[in-house]
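Only one structure is covered here, and it is reproduced in the block below.
The values are calculated or read from the model by the stated rules, or taken from the named source; none is laboratory data. Keep in mind the model is a prediction, meaning the values are calculated, not measured. Here the Cβ is made from the backbone with ideal geometry for all residues, glycine too, and neighbour counts use every protein chain on show.
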Amino acid sequence: MSSIPLSEQLGAMAFVDELRHQQMQLQEHLNLPKRRAEVAARIRDYYQSHNIAFDEALIDQGVREFFARRLMFEAPPLSGWQRLLSKASMARSQLYKLFLALIAAALITQCTRIAHDTGVTVEVQNSARELLRRDQDLRSNIQQQHEKLEQLQQKAVAQPDTAVSRLLEYVRQTLPPLDQSFASDVPDFIHKTNRDSVKALVEQREAQLEQARDNLYESRYALATVEGIYKQRDELASLLATPTYLEGIKRFAKLKELASLADQQLLQVKDDKTLKTATRQVNELAEQILYTSSLLEQFTLREQLLQRFKAMPLAAGDRAQLQALFAQASNSLDTQDTFQAQGQLKHLEQMLDFAAVALTIQVVDRTGIKSGVERCYDAAGCNRGEATDKGKSWFLVVEATDPAGISANVPVTSSETGKQRWTRLFGVRVSQAEYLKVKQDKLDDGHVDERMMGSKAANSLTLRFNQRTTSNPDMILDW
């Protein structure tokens with residue numbers, strides 16, 4: 001035991017005392033009711049020894065509240081700067097995010113400014129390139145119009161025209177010159193330092209280019225009008241050289257009037273609108289020439305038919321009938337009623353063809369075609385179902401053939417309607433006995449043996465029937 005140093009013993013004792021003191025404090029805090037009772041007793045002793053009046057309940061409440069708050073931390077009061085630093089320290093994560101957001105906003109603002117600045121430069125560059133492209137297109141169009149102007153000037157020397165000369169002079173004054181350019185002084189390299197001046201220059205040149213383009217369009221329309229004038233002049237010259245016009249002006253003064261009016265309209269052409277007016281006038285002349293051509297053909301046909309008529313040895317009655325038809329056709333031609341005249345001349349031609357040939361009139365004897373028909377009219381008793389022949393008529397169906405045996409058209413007037421029609425088959429009225437005779441003849445072997453009904457001589461319009469019917473029998477066209 002004597003070998004232990006005093007320093008070690010004192011050091012160990014100090015450590016043991018510290019632990020003992022900590023244990024005592026811990027015990028004091030752990031036995032809280034006992035501790036509160038001891039403190040309350042000492043306070044009473046103090047008040048009693050000093051003759052201070054007190055309230056037991058108040059002492060117990062004060063002791064409880066003391067021990068309830070003794071382990072709570074109460075921060076000391078801080079200055080404004082200290083409170084700011086404290087809040088900043090506690091919100092450092094939010095401040096960090098705010099700092100990053102400010103940096104990002106600054107970067108975005110800078111990038112936007114740079115992008116906008118670059119975009120403005122690019123926009124000016126694009127405008128300059130577009131101006132160059134439009135300038136090249138315009139110069140190409142200007143060159144084409146100058147070439148066309150040269151061609152039309154040469155044509156105007158060979159074919160002088162007042163309206164053409166006036167329009168070509170307008171084009172020479174309006175058409176932009178060949179060497180005109182609107183992009184030659186625009187810089188090739190555009191950057192931030194010169195873009196504003198280049199932008200102003202491009203805008204100025206674009207305005208000048210638009211004006212030049214408007215002039216080009218006006219020149220183009222004027223040259224197109226010149227071409228239209230020459231086209232209509234050629235058309236007019238072609239119309240005036242047609243045989244129809246040369247022959248027609250001898251008969252119809254209107255043709256020459258229309259030609260003169262078309263010429264005057266072409267001399268007054270100054271734009272597209274007046275060119276359309278002149279074109280309509282030329283077209284009207286063309287339509288009148290076409291109409292005149294039809295009239296002249298009909299006049300020619302009438303003369304040909306008239307010569308045939310004069311050369312044909314007709315009976316007085318037939319000649320008078322054809323002369324009446326000629327008078328109707330001539331009247332229609334004089335009034336220029338071509339539609340009416342056409343039908344009348346066609347009928348005349350058919351009548352002359354009919355008169356010229358000799359015909360034989362025979363009862364039809366072909367499969368599928370009736371050889372005779374009965375007619376029962378409305379007012380007759382036969383229509384009331386009575387067994388009577390009262391009101392009946394009988395007809396034999398006949399046809400006219402030429403010497404070659406070919407069926408011919410015949411002008412027949414229906415006794416039922418009073419209308420005349422060209423036909424190859426028609427009915428001729430006969431007696432009941434004749435009708436029954438032919439009917440029996442056909443029933444015997446399916447054929448009509450006695451077919452002859454009459455004839456028509458050459459150079460005649462008159463059908464002559466034999467004794468099987470009357471000389472001028474009723475005829476029908478439908479059954």
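Worth a mention:
- Residues of region 95-106 include at least one that is closer than 30 Å to Asn194 by Cβ and at pLDDT 70 or above.
- Selected residue (only one of Leu333, Leu314, Leu325, Leu348 is within 15 Å of Thr462 (Cα to Cα), of a type in the set (A, V, I, L, M) and either surrounded by 17 or more Cβ atoms within 10 Å (Cβ to Cβ) or in contact with a Gly (Cβ under 7 Å, 6 or more places away or on another chain) (or both)): Leu314
- Of all the residues in region 136-165, those that are over 37 Å from the mean Cα position of the chain (by Cα) and not aliphatic (A, V, I, L, M) number 9.
- Number of residues in region 116-169 that are in contact with a helix residue (DSSP H, G or I) (Cβ under 8 Å, 6 or more places away or on another chain) and outside any helix (DSSP H, G or I) equals 2.
- Of all residues in region 357-368, those satisfying the criterion of being modelled with pLDDT of 95 or more and either over 19 Å from Met453 (Cα atoms) or in a strand (DSSP E or B) (or both) are Leu359, Thr360, Ile361, Gln362, Val363.
- Considering only residues in region 292-315 that are small (Gly, Ala, Ser) and either assigned by TED's automatic domain parsing to the domain that holds Thr338 or not in a helix (DSSP H, G or I) (or both), the one that is nearest to the chain's Cα centre (by Cα) turns out to be Ala311.
- Per-region count, region 241-275, residues part of a helix (DSSP H, G or I) and more than 14 Å from Ala163 (Cα to Cα): 15
For every residue, the table says whether it meets (1) modelled with pLDDT of 90 or more; (2) surrounded by fewer than 17 Cβ atoms within 10 Å (Cβ to Cβ).
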{"position": "Phe182", "(1), (2)": "no, no"}
{"position": "Pro187", "(1), (2)": "no, yes"}
{"position": "Tyr221", "(1), (2)": "yes, yes"}
{"position": "Ile229", "(1), (2)": "yes, no"}
{"position": "Pro243", "(1), (2)": "yes, yes"}
{"position": "Lys250", "(1), (2)": "yes, yes"}
{"position": "Lys254", "(1), (2)": "yes, yes"}
